[in-house]
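Below: the structure, in structure tokens.
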Amino acid sequence: MNVISVFLQKAITQGIPLLFGANGEILTEKSGNLNLGIPGLMYMGGVAGLIGAFLYEANVANPIPFVGMLISVICCLLCSALGALIYSVLTITLRANQNVTGLALTTFGMGFGNFFGGSLSRLAGGVGQLSTATTASAFRAKIPFLTDIPVVGELLFGYGWLTYFCLIITFALSFFLFKTRVGLNLRAVGESAATADAAGINVNRYKYIATIVGGMMAGLGGLYFVMEYTGGTWVNNGFGDRGWLAIALVIFARWRPLNAIWGSFLFGGLYILYLYIPGLTRDMQEIFKSLPYLVTIVVLVITSLRKKREDQPPASLGLPYFRESRG
Amino acid sequence: MESNIMIEMRGITKHFGSVVANENVDLTVRRGEILSVLGENGSGKTSLMNMLAGIYFPDAGHIFVEGREVIIRSPKDAFDLGIGMIHQHFKLVDVLTAAENIILGLPGAMKLDMNQVKKDVQQLLDKYGFELNLDAKIYEMSVSQKQTVEIVKMLYRGAHILILDEPTAVLTPQETDKLFQVLRNMRAHGHSIIIITHKLNEVLSLSDRVSVLRKGAYVGTVNTCDATEMSLTEMMVGEKVVLDIERPDPVNPVMKLHVDDVTVYNREGREVLSHANFEAYTGEILGIAGIAGSGQKELLESIAGLQPHMTGKIHYRNRKGHIKELTEMSAQEIREIGIRLAFVPEDRLGMGLVASMGMTDNMMLRSYRKGHGLFARRKEPHDLAEHIKEELGVVTPSVDWPVGRMSGGNVQKVLVGREIASSPQVLMVAYPVRGLDINSSYQIYALLNEQKKKGSCVICVGEDLDVLLALCDRILVLADGRVSGVVDARTATKEEVGLLMTSEDKKEVQA
């Protein structure tokens, strides 16, 4: 297989967790909540899925891959939903500052992930010993024969089910936001909560549900990384700054899920570009790793210059809503 | 005919703290009529209507809709009773289309069939003769188109009692005519329409009956055919109240400011102040009267150098008699030659004071440029704060107590006191006694008179005509952005000023 095709495949592999995170953040931001806790939620989702799989495999004599997978997905969704719930209660009900709450949640989530991930490694007998390979095999299972198609086989079909699920979620999210009544109402909440309220929309309910479901989507991104990318083990801080890339991707995609698809592949490609350019020194590698952020800044500059209203963030993003304060 | 009555409000009372918004008001709306609710600023028109629309809840009184007593707790309750209110500030989502805004929050099939929605709405548009592009985004629309969206939104929700708060305030004459045509169509279809207004000619040309409020109280209702501009003005402004406010005669007045053909545009490019022309003298108080939003704010801001979108010139004569051109100076330079603006908007703390800082720090906002190097000087501002506290009787535990926690009257004294302390050549104050009790008000009047006696040129925007007539030497009246007249406050009557305030612009405006 030639280098280009491998690079593209790796770019997509790198892009998928970003796409999960970006979808979650888009849904959340459309309700007017700027959840900077998404990177933390991705850590929490990933480690919770790992804990579920580890406990299952450790306590059952002959673990079945599919059951392990199911358990780890459920654990991941529950834990990331719980994290998003904390954020929701603080920012929606208690109207705490969204930026501060989000950053705190990210710090908490990363610590949570590293603590439990590290603990699992010790339980498993030391660093590098932790493996939930059985469960991971279910995540990494590919459709037989299809990958054997020459040239495009690996590129199109060489991924586990989460990759395709992620694409389905993206299309579904786009349809939901722009083609359904509930999606319209949600966008109205994010643009002008007072207007939505006056039109009889339950603002707080929309914010809660969007933030929690968005958190769950982001959590799946963490699970994807742990299970499919690393094959069911934990490396402290292994997830790196991918959560922040996901948030940058939201801006890059101008709050449109479909843009986020190719954006995630682009970001994924830029993220690993340094591995494919021969003769780079360590310091040059770091510069290459920052390319996705650079691209995001360029996009920000361009959209700011164009001033197209549809490309702007939801108008009441980051603002708490309190009906009685409308004076 | 009892069955003809759509809404009856009986004995409605609403207080906000110690401020009376409505006191024992009765109002009746009949089926298929246009009722005007007429009154000056602060007469309680909007708060009365807000109680019908579910924004406020009355302290006392009863509301009957079609003969049945109802309790309206939220805008949704009002919708359910078929009452829809269109506020002065539209509630629309900018980046959505007209059609999307109209169906916002309504139940229906999960999947949005915009074509079906548009067909339904279009039927409604045709029925009443609206012109509206349903695919246009709100941010692309003119104010009048946005208003149409709001009206259609209410009708689509089944409202048959429509309340419009100052609907023509933002419209051109042509747009106003179109709106009136639509309202008449709606009346023909049996809807009841209430419009809140202070424009007499509109009342006379559009409505069937007029209910008049004055200072929160119900004055009476007349059939429009029996009313004239004169009779309505009398009902609106009432008898002259005798106020005991000192008014010393101006001592050798000299022309201080000459506002020459000043026009100010708002963000949409509409004239909010057109071709203002007047002079102000030393040793006098020039009052500015007008319905809220007639250009008072823009006028003061253009003198203070805070208005970027203006044409025309403002001349200023300094102490040596030299004429200067204010329009060529920055706001900072204008401040330095002694022109001070104490603008007291509805939100007293919004412009001028920082709520979370104490008096001393607020004094420093005017003097932070003085001092050595990096360090600001605190002593003078502190002394000034103590002085103002002493002199004006500001009630506060200490000069470092956050001004946001003081009562309105005290905040006002701090603000006006600070501006006066710089012994300005021109002192401009807007609504200086809004929300103040009688004693504090008189203290503020005394402060203004003191400046006048010192030979300053005082410009005071006010809303209470009785006070303006008793305090000022001359009164300039603004109506819809134009100077509709300058009267001698010693001889003018309230009716005269009231008529000038509501006199309609006859000139053509390009839409």
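The values are calculated or read from the model by the stated rules, or taken from the named source; none is laboratory data. Every value quoted in this text rests on a predicted model; they were computed, and no experiment measured them. Heads up, the Cβs are rebuilt from the backbone with ideal geometry, glycines too, and the neighbour counts pull from every protein chain shown. Heavy atoms of the whole protein, side chains included, go into the accessibility calculation; ligands, DNA and RNA do not. Shrake-Rupley method; radii C 1.70, N 1.55, O 1.52, S 1.80 Å.
Data overview
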| quantity | calculated |
| --- | --- |
| Matching entry among B:H89, B:H189 (being open to solvent by 50 Å² or more (accessible area, probe 1.4 Å), within 14 Å of chain A (Cβ to nearest Cβ) and on the phi < 0 side of the Ramachandran plot) | B:H89 |
| All positions within segment B:251-283 that are touching a Pro at 6+ places or on another chain (Cβ under 8 Å) and open to solvent by less than 10 Å² (accessible area, probe 1.4 Å) | B:G283 |
| A:A246 vs. criteria within 14 Å of another protein chain (Cβ to nearest Cβ) and open to solvent by less than 10 Å² (accessible area, probe 1.4 Å) | no |
| Complete set of residues in segment B:156-181 that are open to solvent by less than 20 Å² (accessible area, probe 1.4 Å), touching a helix residue (DSSP H, G or I) at 6+ places or on another chain (Cβ under 6 Å) and part of a helix (DSSP H, G or I) | B:F180 |
| Flag for B:V237 being touching a helix residue (DSSP H, G or I) at 6+ places or on another chain (Cβ under 6 Å), at pLDDT 90 or above, at negative phi and crowded, with 18+ Cβ neighbours inside 10 Å | no |
| Residue list for segment A:166-186, restricted to those being open to solvent by less than 30 Å² (accessible area, probe 1.4 Å) and within 14 Å of chain B (Cβ to nearest Cβ) | A:S174, A:L177, A:T180, A:G183, A:L184, A:N185, A:L186 |
| Test: residue in segment A:39-48 that is more than 16 Å from A:T233 (Cα to Cα), more than 11 Å from the chain's Cα centre (by Cα) and assigned to a helix (DSSP H, G or I) | no |
| Unmet criterion (only one of (1) at pLDDT 95 or above; (2) under 14 Å from A:G222 (Cβ atoms)) for A:G102 | (2) |
| Residue satisfying all of: in segment B:304-322; part of a loop (DSSP other than H, G, I, E, B) and open to solvent by 50 Å² or more (accessible area, probe 1.4 Å); farthest from B:S456 (Cα to Cα) among these | B:H309 |
| Whichever residue in segment B:114-150 is basic (K, R) and surrounded by 15 or more Cβ atoms within 10 Å (Cβ to Cβ) and, among such residues, is farthest from the other protein chains (Cβ to nearest Cβ) | B:K118 |
| From B:G11, B:G32, B:G67, residue being modelled with pLDDT under 90 and either assigned by TED's automatic domain parsing to the domain that holds B:I196 or buried (at least 16 other Cβ atoms within 10 Å of the Cβ) (or both) | B:G67 |
| B:Q88 being among the polar types (S, T, N, Q) and modelled with pLDDT under 90 | yes |
| Matching option when the condition is closer than 27 Å to A:S88 by Cα, open to solvent by 10 Å² or more (accessible area, probe 1.4 Å) and not basic (K, R), among A:I51, A:I26 | A:I51 |
| Some residue of segment A:147-165 being more than 16 Å from A:Y229 (Cα to Cα), at the interface with another protein chain (Cβ under 10 Å from one of its Cβ atoms), out of contact with any Leu (no Cβ under 6 Å at 6 or more places or on another chain) and open to solvent by 60 Å² or more (accessible area, probe 1.4 Å) | no |
| Helices (runs of 4 or more DSSP H) contained in segment B:185-303 and holding at least 1 residues of a type in the set (D, E, K, R) and not assigned by TED's automatic domain parsing to the domain that holds B:E463 | B:200-206, B:229-237 |
| Members of segment A:296-318 found to be assigned to a helix (DSSP H, G or I), open to solvent by less than 40 Å² (accessible area, probe 1.4 Å), more than 14 Å from every other protein chain (Cβ to nearest Cβ) and not polar (S, T, N, Q), listed by number | A:V299 |
| When residues of segment A:187-206 are limited to those that are aliphatic (A, V, I, L, M) and either at the interface with chain B (Cβ under 9 Å from one of its Cβ atoms) or without any contact (Cβ under 8 Å) to a residue 12 or more places away in the chain (or both), the one nearest to A:L34 (Cα to Cα) | A:A188 |
| Where A:L90 falls short, out of the listed (1) in contact (Cβ under 8 Å) with a residue 24 or more places away in the chain; (2) open to solvent by 60 Å² or more (accessible area, probe 1.4 Å) | (1) |
| Matching helices (runs of 4 or more DSSP H) fully within segment B:376-472 where at least 3 residues are assigned by TED's automatic domain parsing to the domain that holds B:E336 and crowded, with 19+ Cβ neighbours inside 10 Å | B:438-453, B:465-471 |
| Extreme residue, most open to solvent (accessible area, probe 1.4 Å), among residues of segment A:135-146 that are out of contact with any Phe, Trp or Tyr (no Cβ under 9 Å at 6 or more places or on another chain) and in a helix (DSSP H, G or I) | A:S137 |
| Residues located in segment B:88-108, provided they are within 21 Å of A:G183 (Cβ to Cβ) and out of contact with any helix residue (DSSP H, G or I) (no Cβ under 7 Å at 6 or more places or on another chain) | B:T97, B:L106, B:P107 |
| Entirely in segment A:168-246, the helices (runs of 4 or more DSSP H) that have 3 or more residues that are within 13 Å of the chain's Cα centre (by Cα) | A:203-224 |
| Residue satisfying condition, being aromatic (F, W, Y) and without any contact (Cβ under 8 Å) to a residue 12 or more places away in the chain, within set A:W234, A:W262 | A:W262 |
| Residue list for segment B:37-71, filter: in a loop (DSSP other than H, G, I, E, B), within 28 Å of the chain's Cα centre (by Cα), more than 14 Å from chain A (Cβ to nearest Cβ) and not acidic (D, E) | B:G39, B:N41, B:G42, B:S43, B:G44, B:P58 |
| B:D80 vs. criteria open to solvent by 50 Å² or more (accessible area, probe 1.4 Å), within 27 Å of the chain's Cα centre (by Cα) and farther than 20 Å from B:D165 by Cβ | no |
